[in-house]
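Just so you know, all these numbers are worked out from the coordinates, no wet-lab data involved. All of these numbers come straight from a predicted model, not from anything done at the bench. Every residue, glycine as well, gets a Cβ built from its backbone with ideal geometry; the counts of neighbours run over all protein chains shown.
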Amino acid sequence: MIRGDSRALLFALGILLVIGGGAGYGAYTLGTRLGETRSELASTTAAKTSVATELARTRADNEQLSAQLAEQVQKNLTLGTQVDQIASTVTTLTKLSQTDKELLQKYSRVYFLNENYIPSSLSEIDPLYQLDPSRHLQIHSKVKPFLENMLTDASDAGVPIVALSGYRSFAEQKTLKSSYTVTYGSGSNRFSADQGYSEHQLGTAVDLTTKSIAGTSLAFATSPAGIWLDANAYKYGFILSYPKGNTYYQYEPWHWRFIGVALATKLHDTAQHFYDLPQRDMDTYLVSIFD
Ligand SMILES: [Zn+2]
């Protein structure tokens, strides 16, 4: 009985050992697997961190590249603008170098036009607009279209205007001057009169009248033609050099000088006289005088 019991006990012990061993082995295997999984997880996390770091670095690189690209694009734009500006400056300078600086010069008792001065090009005023076509009056070739447009429009407005005098050479003026000296005498008046002569030698000044007045007369100012001219001449680039009440020369409602549409319009809009404006302000309009 004891023997039998011992056997049974041994058997049970054996079973327990097997179970225990199995369980131990199972626990061991599970532990190993868990360890492996943990390690895998750790390496996956490490890999993830590494990918994230790489991604962040790539993003930073991209941002830097984008910034560099934007900077380069901006540089190119700036360069393009600078090239445009330089081209525009060169065009302006070329135009300016080809424009006669005397055209907007104020003449005074201290500043005269050189006696050898001749305009770059002269053309005859359309005989239709000359008081006496046999005189073949001339004007600066580039002023001619402005003058003739103005006189055509005056005619269309029912107030025909004709030219009495245009370009005068120094020699022609000398003859006139001596006759004027007799009229005005010597001294300041004689000096002042030289201003008007200079403008005629320039080729951009004309004396205007009507066929009925037919001369340089104050009556022109109050005639319908004179009134029309006073209101519209600036649109064609002409101004009255010696307006009523000016302090530099006698009033000459017949003497009109071409100074360009932009400057004439500015003077008209601000109610200023040509001779009142500083020379440096005038010079800024030189480049666009024939526009
Ligand atoms: Zn004149």
Across (1) touching a residue at least 24 places away in the same chain (Cβ under 8 Å); (2) in contact with a Lys or Arg (Cβ under 9 Å, 6 or more places away or on another chain); (3) small (G, A, S), A154 clears everything bar (2)
Residues of region 71-108 being touching a residue at least 60 places away in the same chain (Cβ under 8 Å) and touching a Ser or Thr at 6+ places or on another chain (Cβ under 7 Å), in sequence order, are L103, Y107
